[in-house]
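Engineer: Pasting a structure below so you can have a look.
The values are calculated or read from the model by the stated rules, or taken from the named source; none is laboratory data. These figures come from a predicted structure and were not determined experimentally. Note that we place each Cβ from the backbone using ideal geometry, even for glycine, and neighbour counts take in every protein chain shown. Note: accessible area is taken over every heavy atom of the protein model, side chains too, but ligands, DNA and RNA are not part of it. Shrake-Rupley method; radii C 1.70, N 1.55, O 1.52, S 1.80 Å.
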Amino acid sequence: MADSPTRSQKLAAPRGTADILPDEAPYWRYVRDTAERVCGLFGYKRIDTPIFEDAGVYLRTAGEGTDVLDKEMYVFEDRGENVLALRPEGTAGVVRAYLQHGMASLQQPVRLFYVAPNFRYDRPQAGRYRQHTQFGIEAIGDPHPLVDAEVIQLVTAFFSELGLRDYTLKVNTIGDSVCRPAYIEALRAYYRPRLDDVCADCRQRFETNPMRLLDCKEQRCQPLIADAPKLIDHLCDDCRQHFEALLGYLGAASIAYVVDPGVVRGLDYYTRTVWECHPAVEGAQSSLLSGGRYDGLAELLGGPRTPGIGFGSGFERLIINLKRADVTIPDDEPLALYIAHLTEGAGAVALRIAAAARASGKAAMVGPGGRSLKSQMKHADSRGARYVAILGKDELAAGEVTLRNLSDHGERRIAIADVADALA
RNA sequence: GUGGGCGUAGCUUAGCGGUUAAAGCGCCUGGUUGUGGCCCAGGAGACCGAGGGUUCAAAUCCCUUCGCUCACCCCA
């Protein structure tokens, strides 16, 4: 670096990363706690896989031409010349762990969930970061559509518990290795003579990811999308039955959904069921949660054919929407006691009073030394303390404290030994 | 990778060619000796992102660069 960057540039968090400051922490805790509670209600167990893996875990599973892997993965070589990658998505690592630890011998499906950071080198914007945190679940080892329905049921329970009501669940099927290739050929055959009528991005999609053609937002592409061949008309019998069974279960469970052929997937290992959840007020990075079935993934990792299904959901986007929806979240633990001390030697006593309060489960804080009582009272107030124990010369000599209730302004002298019990 | 917007105190911003760069919030101190949320007074805090250029004179104009941000692609 030839130029000398300013101090602030040098010390700034890397691009696309963010510090979660104390004011934000309650939102994070709320989302995490809600996710864990809902997973518990569905019998899902937590799994934590490494933050980096052999790059092959992701490269072998994703398929060619996928942005997430081709240009967005953080790949590096360690000192042992192993090629490693920071986790770009959650599923591959969990399936790797499933295979490595022989979970196929457990009762199927194995139900797992995780909360973990993912890394993608793309350009940051609202709701998109180079490091983002995902809550995800995986149900591995059972091909039955009832599992799909249960996973989606968990999705709706999660949003409901979170307090996010205004969202749309879009479901779709993208077929499997039997019927999808033929469909993609049909799609290409349809678009090939019409490429002049389509936007530049769609011409690119035609080459790299034809199913994304159906998801284009350009006005000029809409008529073609409307008339394009539908995968639903090209499904093989197994895929069709699977999808119909799923929709039947969703209806039986009173889960509101819309079938949207535009819901596709960036990674190749997905099969059959896919879905996304979008907030009612659509922003750019609107997908709150997206999931799908991946019956071919385990084989790509060198394991036996193993069905699986799961989803991922980004904390950052969830929190954006919690704020937008004005969802009330639990506050931090309130401060029960603030101890203001005014004289030499009172500080040591204040520490003991605080310790006693904490021992009985009350949050307590000792005021800074050398500050006026007025200053310490201000601190206590701005921290939301319920009580202030004032420890000055008189109190210290008497072995007492002046206990002030900040909400009703009541004040009384009590023995130091009784402070902890006096906190309502 | 492509395009738009923006970079002035911790935060939000004003100033847009001319003396020691301003306000609100926050922070600190005080408004008689030991008392909060309101009010009043005072204080600390900014090499105006960086480098170069134009000019008698630049935070203010021009160029470059870095950063942030929003959108596209793609995605959580």
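Engineer: On a straight-distance basis, which lysines could pair with A:Lys378 in a cross-link, Cα separation under 27 angstrom, same-chain partners fewer than 8 positions away excluded?
Structural biologist: A:Lys362, A:Lys393
Engineer: I've got another one for you. How large is the charge dipole for the stretch A:131-225, taken about the Cα centre, if only the Cβ atoms of Lys, Arg (+1) and Asp, Glu (-1) carry charge, to the nearest 20 debye?
Structural biologist: 500 debye
Engineer: Excluding A:His132 itself, what net charge comes from residues whose Cβ is under 10 Å from its Cβ, given Lys and Arg +1 and Asp and Glu -1?
Structural biologist: +3
Engineer: Among the listed pairs A:Lys217/A:Lys323; A:Lys45/A:Lys230; A:Lys45/A:Lys323; A:Lys230/A:Lys323; A:Lys45/A:Lys217, which have their C-alpha atoms separated by more than 31 angstrom in this model?
Structural biologist: A:Lys45/A:Lys230; A:Lys230/A:Lys323; A:Lys45/A:Lys217
Engineer: For a quick check, take a GNM of chain A with Cα springs below 10 Å and name the residue from A:Gly292, A:Gly345, A:Gly312 with the largest mean-square fluctuation.
Structural biologist: In the Gaussian network model the winner is A:Gly345.
Engineer: Just in the stretch A:284-386: which trypsin sites (Lys or Arg not before Pro) are loop by DSSP and have at most 10 other Cβ atoms within 10 Å?
Structural biologist: Within the stretch A:284-386, the qualifying trypsin sites (Lys or Arg not before Pro) (loop, at most 10 other Cβ atoms within 10 Å) are A:Arg305.
Engineer: Also: For the stretch A:295-309, take each phi angle, set θ = phi - 60°, evaluate the Karplus expression 6.51 cos²θ - 1.76 cosθ + 1.60, and give the result in whole Hz per residue in order, putting x for glycine and proline.
Structural biologist: Values, residue by residue: 5, x, 5, 4, 5, 5, 8, x, x, x, 4, 9, x, x, 7 Hz.
Engineer: Projecting each Cα onto the charge dipole of chain A (Lys/Arg +1, Asp/Glu -1 at the beta carbon, about the Cα centre), which of A:Gln107, A:Ala12, A:Thr168 comes out farthest on the positive side?
Structural biologist: Working it through, the farthest residue towards the positive pole turns out to be A:Ala12.
Engineer: While we're on this one: Describe numerically, in nm with one decimal, the distance between label points set 7 Å from Cα along Cα→Cβ at A:Ser407 and at A:Lys230.
Structural biologist: 5.8 nm
Engineer: List the GluC sites (Glu not before Pro) within the stretch A:70-133 that fall in a DSSP loop (any state other than H, G, I, E or B) and whose Cβ has at most 12 other Cβ atoms within 10 Å.
Structural biologist: Of the GluC sites (Glu not before Pro), the ones in loops of the stretch A:70-133 whose Cβ has at most 12 other Cβ atoms within 10 Å are A:Glu81.
Engineer: What trypsin sites (Lys or Arg not before Pro) in the stretch A:115-200 are in a loop by DSSP, with at most 15 other Cβ atoms within 10 Å of the Cβ?
Structural biologist: Those that pass, being in a loop and sparsely packed, are A:Arg165.
Engineer: Under the classification rounded if a/c is under 1.5, otherwise prolate if a/b is larger than b/c and oblate if not, where does chain A fall, given a ≥ b ≥ c as square roots of the Cα gyration tensor eigenvalues?
Structural biologist: The shape class here is prolate.
Engineer: Over chain A, with a Gaussian network built from C-alpha contacts below 10 Å, which listed residue (A:Leu162, A:Leu351, A:Leu112) shows the highest mean-square fluctuation?
Structural biologist: It is A:Leu351.
Engineer: Would you work out which of A:Ser382, A:Ala340, A:Ala398 lies farthest towards the positive end of the dipole of the stretch A:336-424, given +1 charges on the beta-carbon of Lys and Arg and -1 on that of Asp and Glu, about the Cα centre?
Structural biologist: A:Ser382
Engineer: Hey, in the GNM for chain A with a 10 angstrom Cα cutoff, which one of A:Pro145, A:Pro181, A:Pro334 fluctuates hardest?
Structural biologist: The residue that fluctuates most here is A:Pro334.
Engineer: If you don't mind, there's one more thing I want to ask. Okay, helix-only estimate at 222 nm for chain A: each DSSP H run of n ≥ 4 adds -39500 (n - 2.57), divide by all residues, round to 500 deg cm²/dmol; what do you get?
Structural biologist: One gets -10500 deg cm²/dmol as the mean residue ellipticity at 222 nm.
Engineer: Next question. Lys/Arg Cβ at +1, Asp/Glu Cβ at -1, dipole of chain A taken about the Cα centre: which of A:Leu195, A:Ala325, A:Val57 is farthest positive-ward?
Structural biologist: Result: A:Ala325, furthest along the dipole toward the positive end.
Engineer: If you don't mind, another one. As an exercise, use a Förster radius of 45 Å and the Cβ-Cβ distance of A:Asp78 and A:Gln241 to find the FRET efficiency, rounded to the nearest 0.05.
Structural biologist: It comes out at approximately 0.45.
Engineer: Can you compute 3J(HN,Hα) from phi for each residue in the stretch A:351-357, using the Karplus curve 6.51 cos²θ - 1.76 cosθ + 1.60 with θ = phi - 60°, rounded to whole Hz and x for Gly and Pro?
Structural biologist: 4, 5, 5, 4, 4, 5, 4
Engineer: Just to confirm, what accessible area per residue do you get for chain A at 1.4 Å probe, in whole Å²?
Structural biologist: Per-residue value: 51 Å².
Engineer: Which aspartates and glutamates have a Cα less than 16 Å from the Cα of A:Lys170, not counting those fewer than 8 places away in the same chain?
Structural biologist: Within the straight-line cut-off, A:Lys170 pairs with A:Asp148, A:Glu150, A:Asp215, A:Glu244, A:Asp260, A:Glu276, A:Glu282.
Engineer: I'd like the FRET efficiency for A:Ser254 and A:Arg37, computed as 1/(1 + (r/R0)^6) with the beta carbon distance as r and R0 of 22 Å, rounded to 0.05.
Structural biologist: Calculated value: 0.55.
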